[in-house]
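Notes for the one structure printed next.
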Amino acid sequence: MATLLARHAQRPGALLPLLHDVQDALGYVPADSVPLISEGLGLSRAEVHGVISYYHFFRSTPPGRQVVQVCRAEACQACGSEALMAQAERLLGCAPHATRADGAVSLEPVYCLGLCASSPAIQINDRVHARVTPERLARLVSDMAVQP
Ligand code: FES
């Protein structure tokens, strides 16, 4: 945390880039990092917490060993992402916004993966997938080897 704070502390608008770096490093933004970030950037704890809770992207708890994200933004919704989310929930045995009890997988809604012209889109770990059909989702989940 000290290294990340040192990298960002003197930059204007440092909070969002710092939070991204913390999540990249740890997979989430731990609650006990909020006072450190607050002090390091000269912001109130409420400001830091407010930004973390405002953006869906930031996690406050550790993710599963694998993460499935289904885009719920407009273009993907128009192309069936609601049904994909429901299918992913059934296939993974994991509710949206949750991590399965065995820690194998998290299922998260996201709000645009930058593939709007190729909707619906999902991301599995670091890899995005466009034009995802129910059949393709079933194959992708099967390849993850995380079935409950
Ligand atoms: S709306 Fe889903 S990728 Fe943009």
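Just one residue in the set 95, 145 is away from the ligand (no atom under 11 Å from the Cβ), surrounded by fewer than 16 Cβ atoms within 10 Å (Cβ to Cβ) and within 27 Å of residue 22 (Cβ to Cβ); that residue is 95. Among residues of the stretch 95-116 that are aliphatic (A, V, I, L, M), those with a beta-carbon under 6 Å from a residue that is surrounded by 15 or more Cβ atoms within 10 Å (Cβ to Cβ) and assigned to a strand (DSSP E or B) at least six positions away or on a different chain give the pairs 105/66; 107/68; 110/69; 110/71; 113/71; 113/123; 113/128.
Would you check if residue 70 is at pLDDT 95 or above, over 26 Å from residue 18 (Cβ atoms), within 13 Å of the ligand (Cβ to nearest atom) and within 17 Å of the chain's Cα centre (by Cα)? Against the criterion (at pLDDT 95 or above, over 26 Å from residue 18 (Cβ atoms), within 13 Å of the ligand (Cβ to nearest atom) and within 17 Å of the chain's Cα centre (by Cα)), residue 70 qualifies. Against the test of being under 18 Å from the mean Cα position of the chain (by Cα) and either at pLDDT 95 or above or farther than 23 Å from residue 115 by Cβ (or both), the options 2, 95, 78 yield a single qualifying residue, 95. Residue selection: residue 74 fails the criterion of being among the charged types (D, E, K, R), in contact with a strand residue (DSSP E or B) (Cβ under 9 Å, 6 or more places away or on another chain) and within 28 Å of residue 130 (Cα to Cα).
Every residue, every condition in (1) among the aliphatic types (A, V, I, L, M); (2) at pLDDT below 95, yes or no:
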{"position": "105", "(1), (2)": "yes, no"}
{"position": "111", "(1), (2)": "no, yes"}
{"position": "117", "(1), (2)": "yes, no"}
{"position": "121", "(1), (2)": "yes, no"}
{"position": "132", "(1), (2)": "yes, no"}
{"position": "140", "(1), (2)": "yes, no"}
{"position": "145", "(1), (2)": "yes, yes"}
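Among the residues of the stretch 125-138, some residue qualifies, meaning at least one is away from the ligand (no atom under 16 Å from the Cβ), closer than 25 Å to residue 61 by Cα and touching a helix residue (DSSP H, G or I) at 6+ places or on another chain (Cβ under 9 Å).
The values are calculated or read from the model by the stated rules, or taken from the named source; none is laboratory data. Keep in mind it's a predicted model, so treat the numbers as computed, not measured. Positions of Cβ are backbone-derived with ideal geometry, glycine not excepted, and every protein chain shown enters the neighbour counts.
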